[in-house]
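Novice: Sending over a structure as structure tokens; questions will come in a sec.
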Amino acid sequence: MKTVSQYPVNTIKQAMAGGKSVHGTFAVLGEPALVEMIGYAGLDYVIIDTEHSGNTTEQAGNLIRAAEIGNITPIMRVTANTPELILRALDMGAGGILVPQVNTAAQAIAAVKAARYAPLGERGIAGVVRAARYGFVPMQEYIAGANRETLVITQVEHVDSVSNLDEILAVDGIDGVFIGPTDLSQSMGCTGQFDNPELRRVIHSVIEKTRRTDKWAGIFCLNAADAEYWRKAGAQFLTIATESMLFAAALRQLKKQLDQQA
Ligand code: 3PY
Ligand code: MG
């Protein structure tokens with residue numbers, strides 16, 4: 001019989017450290033079967049959203065399990081940058097956290113402190129949580145594994161974050177930054193204008209600056225063409241739409257075809 005004794009390897013963390021790009025989508029609907037399907041379709045990760053969704057803690061736990069069944073990395077976007085929410089997400093077994101609205105180095109340091117055990121952080125320790133496979137992974141292996149494998153990603157989605165980017169990128173313990181074009185566009189006075197030349201110039205500058213450091217850049221994309229564009233611009237963590245948007249697109253396409261038959 002197989003006994004669990006090792007902390008799981010985070011394959012997307014390894015891939016991005018090796019310079020590769022990875023693809024995922026957001027899960028906002030709280031449905032584990034859809035998360036399994038995201039994995040079976042061959043994507044690399046899912047971001048379980050608790051910022052812009054009604055996903056409850058219980059649902060999030062089941063979505064993490066579904067991601068593991070689908071063999072993809074579950075990342076949790078926390079509702080806010082608080083140690084309590086970050087601890088809960090990681091103790092439940094998320095392979096990483098995505099922290100919205102991180103606009104200063106102090107906020108980035110706070111996220112790292114909450115997400116990493118000493119010496120980099122001060123994450124509260126319980127060796128029997130699901131992340132430690134309820135204690136089946138020995139404590140020292142668990143702590144070293146969690147610090148090694150957990151992704152800490154902060155969002156760049158405000159002009160203040162862009163202004164403070166050098167300091168944010170200098171924070172030890174952050175793996176990458178994730179550009180939120182929607183919130184960023186609002187803070188620049190061009191809400192939702194994804195083709196706005198100034199917005200795109202700023203996004204290019206964030207990606208280029210990030211690539212000159214040991215961190216990687218990610219971005220929210222509307223579709224595959226968008227993901228290809230930003231991948232060529234240097235982004236590695238490409239999150240395309242939400243599972244609800246993908247389902248809506250399939251429904252729209254179906255309805256269009258039905259209307260053509262009428
Ligand atoms: C944004 O576009 O603001 C996002 O946070 C995307 O996830
Ligand atoms: Mg946002």
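Novice: Taking the options 163, 187, name whichever one is away from ligand 2 (no atom under 16 Å from the Cβ), open to solvent by 10 Å² or more (accessible area, probe 1.4 Å) and among the polar types (S, T, N, Q).
Specialist: Of the residues listed, the single one that is away from ligand 2 (no atom under 16 Å from the Cβ), open to solvent by 10 Å² or more (accessible area, probe 1.4 Å) and among the polar types (S, T, N, Q) is 163.
Novice: Would you pick out the residues in segment 56-85 that are hydroxyl-bearing (Ser, Thr, Tyr) and open to solvent by less than 60 Å² (accessible area, probe 1.4 Å)?
Specialist: If the condition is that a residue be hydroxyl-bearing (Ser, Thr, Tyr) and open to solvent by less than 60 Å² (accessible area, probe 1.4 Å), then 73, 82 are the ones that fit.
Novice: So which helices (runs of 4 or more DSSP H) stay within segment 16-109 end to end and still have 2 or more residues that are among the acidic types (Asp, Glu) and more than 16 Å from ligand 1 (Cβ to nearest atom)?
Specialist: Passing ranges, in order: 57-69, 83-91.
Novice: Which count do you get for residues in segment 111-128 that are surrounded by fewer than 19 Cβ atoms within 10 Å (Cβ to Cβ) and under 22 Å from the mean Cα position of the chain (by Cα)? Write out each step before concluding.
Specialist: Taking segment 111-128 and keeping what is surrounded by fewer than 19 Cβ atoms within 10 Å (Cβ to Cβ), we get 113, 117-120, 122, 124-128.
In the following step, the residues that additionally are under 22 Å from the mean Cα position of the chain (by Cα) were identified as 113, 117, 120, 122, 124.
Total meeting the criteria: 5.
Novice: Do we have any residue at all in segment 145-165 that's assigned to a helix (DSSP H, G or I), farther than 30 Å from residue 209 by Cβ, in contact with a helix residue (DSSP H, G or I) (Cβ under 7 Å, 6 or more places away or on another chain) and touching a residue at least 40 places away in the same chain (Cβ under 8 Å)?
Specialist: No, segment 145-165 has no match at all.
Matching residues to (1) among the aliphatic types (A, V, I, L, M); (2) within 16 Å of ligand 2 (Cβ to nearest atom):
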{"site": "145", "(1), (2)": "no, no"}
{"site": "148", "(1), (2)": "no, no"}
{"site": "152", "(1), (2)": "yes, no"}
{"site": "155", "(1), (2)": "no, yes"}
{"site": "215", "(1), (2)": "no, no"}
{"site": "218", "(1), (2)": "no, yes"}
{"site": "226", "(1), (2)": "no, yes"}
{"site": "233", "(1), (2)": "yes, no"}
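Novice: Further question on the same structure: Test each condition in (1) surrounded by fewer than 17 Cβ atoms within 10 Å (Cβ to Cβ); (2) of a type outside the set (D, E, K, R); (3) within 16 Å of ligand 2 (Cβ to nearest atom) for residue 8 and report the one that comes out false.
Specialist: (3)
Novice: Turning to a different aspect of this structure: Being over 19 Å from residue 199 (Cβ atoms) and touching a Ser or Thr at 6+ places or on another chain (Cβ under 7 Å) is the filter here, so list the residues in segment 230-262 that pass it.
Specialist: 236, 242, 243, 246
Novice: I've got another one for you. Could you check segment 175-262 for helices (runs of 4 or more DSSP H) lying wholly inside it with 1 or more residues that are at negative phi, out of contact with any helix residue (DSSP H, G or I) (no Cβ under 7 Å at 6 or more places or on another chain) and in contact (Cβ under 8 Å) with a residue 60 or more places away in the chain?
Specialist: Because the criterion is at least 1 residues that are at negative phi, out of contact with any helix residue (DSSP H, G or I) (no Cβ under 7 Å at 6 or more places or on another chain) and in contact (Cβ under 8 Å) with a residue 60 or more places away in the chain, the helices (runs of 4 or more DSSP H) in segment 175-262 that meet it are 181-187, 224-232, 243-261.
Novice: Here's a check for you: in segment 148-160, which residue that is surrounded by fewer than 22 Cβ atoms within 10 Å (Cβ to Cβ) and of a type in the set (D, E, K, R) is nearest to residue 48 (Cα to Cα)?
Specialist: 149
Novice: While we're here: Which one is nearest to ligand 2 (Cβ to nearest atom), of the residues in segment 167-184 that are open to solvent by 60 Å² or more (accessible area, probe 1.4 Å) and over 27 Å from residue 14 (Cβ atoms)? Full working, then the answer.
Specialist: The first filter runs over segment 167-184 and keeps only residues open to solvent by 60 Å² or more (accessible area, probe 1.4 Å), leaving 167, 170, 172, 182.
Then drop every residue that is not over 27 Å from residue 14 (Cβ atoms), which leaves 167, 182.
On the way: 167: 20, 182: 5 Å.
The extreme case among them is 182.
Novice: Suppose we keep only residues that are of a type in the set (Gly, Ala, Ser) and near ligand 1 (Cβ under 10 Å from one of its atoms) within segment 149-196. Which one would you say is nearest to the chain's Cα centre (by Cα)? Let's see the steps before the verdict.
Specialist: Applying the first criterion (of a type in the set (Gly, Ala, Ser)) to segment 149-196 yields 161, 163, 170, 173, 176, 180, 185, 187, 189, 192.
In the following step, the residues that additionally are near ligand 1 (Cβ under 10 Å from one of its atoms) were identified as 180, 185, 187, 192.
On the way: 180: 11, 185: 20, 187: 21, 192: 21 Å.
My answer is 180.
The values are calculated or read from the model by the stated rules, or taken from the named source; none is laboratory data. Owing to the predicted nature of the structure, the values given are computational and were not obtained by experimental measurement. Every residue, glycine as well, gets a Cβ built from its backbone with ideal geometry; the counts of neighbours run over all protein chains shown. Note: accessible area is taken over every heavy atom of the protein model, side chains too, but ligands, DNA and RNA are not part of it. Shrake-Rupley method; radii C 1.70, N 1.55, O 1.52, S 1.80 Å.
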